[in-house]
Structures are given as structure tokens and as C-alpha cells.
Amino acid sequence: MEPDSVIEDKTIELMCSVPRSLWLGCANLVESMCALSCLQSMPSVRCLQNTSVMEDQNEDESPKKSALWQVGMISNGTSSVIVSRKRPSEGNYQKEKDLCIKYFDQWSESDQVEFVEHLISRMCHYQHGHINSYLKPMLQRDFITALPEQGLDHIAENILSYLDARSLCAAELVCKEWQRVISEGMLWKKLIERMVRTDPLWKGLSERRGWDQYLFKNRPTDGPPNSFYRSLYPKIIQDIETIESNWRCGRHNLQRIQCRSENSKGVYCLQYDDDKIISGLRDNSIKIWDKSSLECLKVLTGHTGSVLCLQYDERVIVTGSSDSTVRVWDVNTGEVLNTLIHHNEAVLHLRFSNGLMVTCSKDRSIAVWDMASATDITLRRVLVGHRAAVNVVDFDDKYIVSASGDRTIKVWSTSTCEFVRTLNGHKRGIACLQYRDRLVVSGSSDNTIRLWDIECGACLRVLEGHEELVRCIRFDNKRIVSGAYDGKIKVWDLQAALDPRAPASTLCLRTLVEHSGRVFRLQFDEFQIISSSHDDTILIWDFLNVPPSAQNETRSPSRTYTYISR
């Protein structure tokens, strides 16, 4: 018997001269490979070689002879393949096939692969198609089912944990094994945890509704089963849709704090968190309120003029006053830690973050401070350029943005304090602005709100609707909320405002009217607006805990809004 290598070489050499119908007649790819490996033992090969040459010569004269093979279907147990008509040497086929398989099985895996590669490279496109059809179902694997069988449940769980809610629902219906992996892997819990980590609305809702206590537990035994989270998810979505509907329809629960100022009345500024509200009043005091009971916890005194602006963090409260000073207070004890005397007139606004503080004044200047600690604050630079009082400032790591009664917004480099550009467009003085990323939103005494691209200085949109000076403005990724001297608070659709195709009439979603005086300051989050006014009140507009009677009021007539599409 000849060596295997000689058999393989002869098999490949013979392949080109033998009619393709001979190996197409095999029931599968392996059989066709093996059949070729034993062609040298077939008595008919030499005859077929001569016949194939004659067929090629007669091909042009008689095209019908090239279609000699009739098509039939035979089953190989899992699939069907196309085979030729009756083979030459039919009687010896089974014996020859068995011999081919025997030789093939004796080769190493690398030799088998090499042989198959040589063989496939000599086949035509038509044959490649049939081989692909045969191999395709063999290569398709249910990896989610296969991984646990190999003790790799955690990998299957990790793969499915990237699915959104809609896809996770579909995955549960694939088969019982997929459903088991999702259930035992607590994937609905992981989906909710992912949303809480990445979306402030989900995080806030988890804290307010109390289901945050069931999240982020290391041991599965510490919490409820997967079915609990599976049923919780649609309730969360319903809550979110209700909140968004309340915003659009103006449905809210209103709470009111009466500041009861003894002398001059008015609340010029405020900031809040989950526990408290800190307000600056016209009567020179700073009052700290309990956010739940609405009781006054503490009154800070020291300024000799109205408290016009403030900001606080977990350590300090910084306030600016019409007495021209900036004071730093201990947020816990209320003790005065520092007093900065620089501006010549009232300090109208201030911001601090990451060791930097910026203040602006009626004296037309902007002061940039290095804030190493509450007691170590040094003046870095004074920015001049505005021709009237600088009413508001905001900044990030790239730009400092200021707005003035001179009708302009000026942009400065945060790192160098150099002037960058001026934004022109308002017809009267600018009273308020907020800056984030590339967007600046400003409000003016021309009664309009403008949206700007800070990089190119272009005005993207003008919002009209207020009847008097727009005194305060805030925005997030969904909406703009503005307050004005007309006593009204307006809620605007930010995404629509940034779309130049959106009609101006659709941009204002709701107007809230409860204050009896000018609105001086407001702040909002996903669930509420807190505003202050010349009427000496602080109002809390709650869009989450809306009483049933308010829920039955007329819904928004024009458009609907869904936070998450299911």
C-alpha cells in the first residue's frame, strides 16, 4: 500500500481531470473529500479522464450534453443535499466511500484541514454554495445555553446584562434555559441598577419611592427575587411617564414658605438639596429651612445689605450682598469664616467650583479668586470690559461667561482669564444666564430668552412669551425654566427650541402662575421647581407627588411626551 502522502497528492492531482459530478454525488462534504482520496483505486478513472476530455471538446457543439446530471434529493439525517443521477461504478460506491473515510480518519487534524482546503480551492462557486449550506447550521450555536453546560453561567449572564428592557423581555421567551439564566442572574435588578447609576431621574425616583433599598446588594439573599424587579420595572416606567405628563400639563402639588421678613420683603436668591433650602433675603439675612417640615432651622446675620446671591456645598455657604462684600460661612454652624472686601458696589452674582470662585458686581468688574480653603481665598485676576453692571457669571474649566446691563455676553478663558468673544443680540440689558457644554441660555429686560452656541457666538433661538424682564433662568437636558418680573414661571421644551424646524408656538409647554410679585430666583430638578419672589415667599412646585384630584384635570391638548419608549 502506498504512503498516505502519496495517496493525498494523487487524489488532488486527479481531482481536476475527473467530472465534478463524481464528488457531487457524495452525501456530504467529508464523503466528497474521502471519495477523491481513493480515486486511484477506481477502474473507471482512466476511462473517465478520457471521457471528460471528449465532453469538453463537444461542449460547444452540443450544449445540452453539459447538463447531463438530473437533480434529486437525498437525506443525510440532518439536511438534504443535491446529488447527481446514477453514478458510474454504482456497485463499488459504498465500498469506495468507506475506504475514503477510512483513509481520512487516519490522518491528523492538520492534514485533514490541509486536504480539505486544497479540495475546496479547486471547486467551483456552485459547489462552494452547497458546502456553505451544509456547514452553516453546523456552525450556529446557542451560546447562552452552551455556556452554562461548561460551567460558565457568569459569562452568559454578563452577555445578557447588556440588553435593554425590550430585548430582555424577548430573551425570556427564547427558551426555558434563557429564562433561567435571566432569572438566576438577577438581570432585571442589574438593568434597574444600571439606569439608577446613569440617569439622575432614576436615581432620584429610587430615593423618593424607597426601592433604592433593594439595589446594589452584593449577596442575592439580601434582596427579593428576580420576579420582584421584573414587576418593578414597568411601575418605574409608569412613574416616569406620569412625571413627564405632569410637567407638560402643569399638574403639581404646591407648598409655600412664608419668610415673614420684618422690614423689607423679598427673597433674592436660594439653593436647595434633599434636606434643606438656603435663602438670601432683602432684609440682610440668610435663612435655612427644613425641606420636609418647611420650618426655619437657622438665621445667619452679618451682612449690612440685602443678600443678592449665594451658593453652598457640603462645607461652606458663600454669599454676596449689596454691602459690596462676599462672606464665607460654615454650613453646619453658621459661623462666619471669611469676609472678602474687593468690589466697590453691590456683589450681584457669584459661582465657585473646584478651587475657583468668580464674582461680579455693579461696579462693572468680574473678580476671579483662587479658593484653596474657606479661609485661604486670594484674588487672581480682575476682568474688565463691560460698560454697565455685570449681573451674572457662570463658568467651567474652559470658559467664564458674564452678562451685563450693556446688552452683551462676554466669554473669557478660564485658564488665562483672557477675553475670547462677545455675544450680541439682546436689545436691552441681560439679567440672567446659565452656561453648560456649548450652550448658553440668557434672559433679558427685552422680555426674551436667547440660546447661544458659545463656540461660534451664534444665536440659535429666541424665545418670546414673558411680558416683563426675565430675571432667572435654568435648564437641564430636557427643559428650560424661566422666571420673570411678570410673576410667571414658564417651562420650555429645550430639545424643540434647539430644532430650527420647530414652530415657535410649540416651545412653551406650560406657564405657572402662583407668585403675586416678581420672580427673583428659581432652581429645579426632575421632580420639582423651587422659586422665590418679591412677595416674600418660597414656593415648592412638586410634579411627583400630585394629589389624585389634580391628576384628573385636563391633559395637555396638543402633544404627548414619553420619557422612555417601550
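The values are calculated or read from the model by the stated rules, or taken from the named source; none is laboratory data. Model, not experiment: these values are computed from the prediction. FYI the Cβ positions are ideal-geometry reconstructions off the backbone, even for glycines, and counts take in every protein chain you see. These area figures cover heavy atoms from the full protein model, side chains too; ligands, DNA and RNA do not enter into them. Shrake-Rupley method; radii C 1.70, N 1.55, O 1.52, S 1.80 Å.
Considering only residues that are over 33 Å from the mean Cα position of the chain (by Cα) and in a strand (DSSP E or B), look in region 411-429 and name the one that is farthest from Arg450 (Cα to Cα).
By that ranking, first place goes to Phe419.
Considering only region 445-472, state which residues are under 16 Å from Ser505 (Cα atoms), more than 27 Å from the chain's Cα centre (by Cα) and assigned to a strand (DSSP E or B).
Thr448, Ile449, Val462, Leu463, Glu464
Quick one: how many residues across region 506-539 are among the aliphatic types (A, V, I, L, M), under 19 Å from Asn246 (Cα atoms) and over 29 Å from the mean Cα position of the chain (by Cα)?
Residues of region 506-539 among the aliphatic types (A, V, I, L, M): 507, 509, 512-513, 519, 522, 529-530, 538-539.
Remaining after also requiring under 19 Å from Asn246 (Cα atoms): 507, 509, 512-513, 522, 529-530, 539.
After this cut, where a residue has to be over 29 Å from the mean Cα position of the chain (by Cα) as well, the list is 512-513, 539.
Count: 3.
For the condition surrounded by 10 or more Cβ atoms within 10 Å (Cβ to Cβ), aliphatic (A, V, I, L, M) and modelled with pLDDT of 90 or more, what is the one hit in Leu147, Leu163?
None of the other options fit; the residue is Leu163.
So, in region 473-485, how many residues would count as being in a loop (DSSP other than H, G, I, E, B) and either without any contact (Cβ under 8 Å) to a residue 24 or more places away in the chain or open to solvent by less than 10 Å² (accessible area, probe 1.4 Å) (or both)? Don't jump to the end; show me each part of the working.
Our first condition is that a residue be in a loop (DSSP other than H, G, I, E, B); within region 473-485, this holds for 476-478, 485.
So of that shortlist, the ones also either without any contact (Cβ under 8 Å) to a residue 24 or more places away in the chain or open to solvent by less than 10 Å² (accessible area, probe 1.4 Å) (or both) come out as 477-478.
Qualifying residue count, region 473-485: 2.
What residue, among those in region 490-505 that are closer than 19 Å to Gly443 by Cα and over 24 Å from the mean Cα position of the chain (by Cα), is surrounded by the fewest Cβ atoms within 10 Å (Cβ to Cβ)?
Ser505
If I go through region 351-374 residue by residue, how many of them are touching a strand residue (DSSP E or B) at 6+ places or on another chain (Cβ under 8 Å) and either at pLDDT below 95 or in a loop (DSSP other than H, G, I, E, B) (or both)?
Total meeting the criteria: 6.
How about region 138-224: which helices (runs of 4 or more DSSP H) wholly inside it have at least 1 residues that are closer than 24 Å to Glu241 by Cβ?
Counting at least 1 such residues, we get 165-172, 187-198, 200-209.
Any idea how many residues of region 122-144 are farther than 21 Å from Glu177 by Cα and either open to solvent by less than 60 Å² (accessible area, probe 1.4 Å) or not small (Gly, Ala, Ser) (or both)?
So the count comes out to 14.
Any residue that is over 24 Å from the mean Cα position of the chain (by Cα), of a type outside the set (Ser, Thr, Tyr) and open to solvent by less than 80 Å² (accessible area, probe 1.4 Å) - is there at least one of those in region 188-208? Even if it seems obvious, please write down each step before you answer.
Within region 188-208, the subset over 24 Å from the mean Cα position of the chain (by Cα) is none.
No, region 188-208 has no match at all.
Which residue out of Val491, Val462 is more than 22 Å from Phe395 (Cα to Cα) and in contact (Cβ under 8 Å) with a residue 60 or more places away in the chain?
Of Val491, Val462, the one residue that is more than 22 Å from Phe395 (Cα to Cα) and in contact (Cβ under 8 Å) with a residue 60 or more places away in the chain is Val491.
Restricting the search to region 337-363, which residues are surrounded by fewer than 16 Cβ atoms within 10 Å (Cβ to Cβ), in contact with a Lys or Arg (Cβ under 8 Å, 6 or more places away or on another chain) and of a type outside the set (S, T, N, Q)? Can you show your working first?
First, pick out the residues of region 337-363 that are surrounded by fewer than 16 Cβ atoms within 10 Å (Cβ to Cβ): 339, 341, 344-345, 353-355.
If we keep only those that are in contact with a Lys or Arg (Cβ under 8 Å, 6 or more places away or on another chain) as well, we get 339, 345.
Hit for region 337-363 is Glu345, nothing else.
Return the residues of region 326-336 that are open to solvent by 20 Å² or more (accessible area, probe 1.4 Å), in a strand (DSSP E or B) and of a type outside the set (Asp, Glu); say none if nothing qualifies.
Arg327, Val336
Identify all residues within region 375-406 that are in a loop (DSSP other than H, G, I, E, B) and either within 14 Å of Cys360 (Cα to Cα) or not basic (Lys, Arg) (or both); write none if there are none. Even if it seems obvious, please write down each step before you answer.
As a first pass, look at region 375-406 and keep what is in a loop (DSSP other than H, G, I, E, B): 375-376, 384-389, 396-398, 405-406.
Result: Thr375, Asp376, Val384, Gly385, His386, Arg387, Ala388, Ala389, Asp396, Asp397, Gly405, Asp406.
Keeping to region 227-267, report how many residues are hydrophobic (A, V, I, L, M, F, W, C) and either open to solvent by 60 Å² or more (accessible area, probe 1.4 Å) or touching a Ser or Thr at 6+ places or on another chain (Cβ under 7 Å) (or both).
The total comes to 5.
Checking Gln238 against (1) touching a Pro at 6+ places or on another chain (Cβ under 9 Å); (2) without any contact (Cβ under 8 Å) to a residue 12 or more places away in the chain: exactly one of these is not met. Which one?
Every listed condition holds for Gln238 apart from (1).
For region 299-315, check the following and say yes or no: at least one residue is more than 30 Å from Arg364 (Cα to Cα), open to solvent by 40 Å² or more (accessible area, probe 1.4 Å), in contact (Cβ under 8 Å) with a residue 24 or more places away in the chain and assigned to a strand (DSSP E or B).
Within region 299-315, none of the residues are more than 30 Å from Arg364 (Cα to Cα), open to solvent by 40 Å² or more (accessible area, probe 1.4 Å), in contact (Cβ under 8 Å) with a residue 24 or more places away in the chain and assigned to a strand (DSSP E or B).
Looking at Leu522, Leu544, which one is surrounded by 17 or more Cβ atoms within 10 Å (Cβ to Cβ) and farther than 22 Å from Val392 by Cβ?
Details: Leu522 fails: farther than 22 Å from Val392 by Cβ.
Among Leu522, Leu544, only Leu544 is surrounded by 17 or more Cβ atoms within 10 Å (Cβ to Cβ) and farther than 22 Å from Val392 by Cβ.
Need the failing condition index for Leu270 against (1) of a type in the set (A, V, I, L, M); (2) within 24 Å of Thr325 (Cα to Cα); (3) assigned to a loop (DSSP other than H, G, I, E, B), just the number.
Of (1) of a type in the set (A, V, I, L, M); (2) within 24 Å of Thr325 (Cα to Cα); (3) assigned to a loop (DSSP other than H, G, I, E, B), only one is false for Leu270: (3).
Only one of Thr378, Thr339 is more than 38 Å from the chain's Cα centre (by Cα), closer than 20 Å to His303 by Cβ and modelled with pLDDT of 95 or more. Can you tell me which? Before the answer, list the steps.
Details: Thr378 fails: closer than 20 Å to His303 by Cβ.
The match here is Thr339.
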